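Below is one structure, written out as structure tokens; the observations come after it.
The values are calculated or read from the model by the stated rules, or taken from the named source; none is laboratory data. Predicted model only: the values in this text are computed from it and were never measured. Backbone-built Cβ (ideal geometry, glycine too); neighbour counts: all protein chains shown. These area figures cover heavy atoms from the full protein model, side chains too; ligands, DNA and RNA do not enter into them. Shrake-Rupley method; radii C 1.70, N 1.55, O 1.52, S 1.80 Å.
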Amino acid sequence: SRVCDDKTLQITLDMKQSAADPTKRFARFRILLDMKLEQARDCFGPMNDLSVSKEWMLNDFMKDVTLVRLNSPDDFIMKVELSVPWILRYLMSIPASMHLRVKIKVDYPAPG
């Protein structure tokens, strides 16, 4: 489903249920940014000092972000700790923390 669609930002969300464990779900966001690759890496890439990125990433609902594994400069896994009121976590089955795999595609949707 299309989450956001305007001139400068497009976000698409795909949800998938795990075949191995029906209680688990996976989400894939595709984010098309109207900015140069270097600027996007400055915002989202793991090669920057994470303490600087946390200055703009953390908010009332995102408590902490930790780099778990760096597969390559364009493929990394982060642990996100959330601070969501317990009633929302209960009603919406939101975990206290989750792992996010970030893959930066420099030539999407072109192959290669």
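So in the range 57-90, with the set limited to residues that are touching a Ser or Thr at 6+ places or on another chain (Cβ under 8 Å) and surrounded by 13 or more Cβ atoms within 10 Å (Cβ to Cβ), which one is modelled with the lowest pLDDT?
By that ranking, first place goes to Met62.
Looking at the structure I just gave you, is Thr23 modelled with pLDDT under 70 and open to solvent by 70 Å² or more (accessible area, probe 1.4 Å)?
It is false that Thr23 is modelled with pLDDT under 70 and open to solvent by 70 Å² or more (accessible area, probe 1.4 Å).
Can you find a residue in the range 91-100 that is at pLDDT below 75 and either in a loop (DSSP other than H, G, I, E, B) or of a type in the set (Gly, Ala, Ser) (or both)?
No, that holds for no residue.
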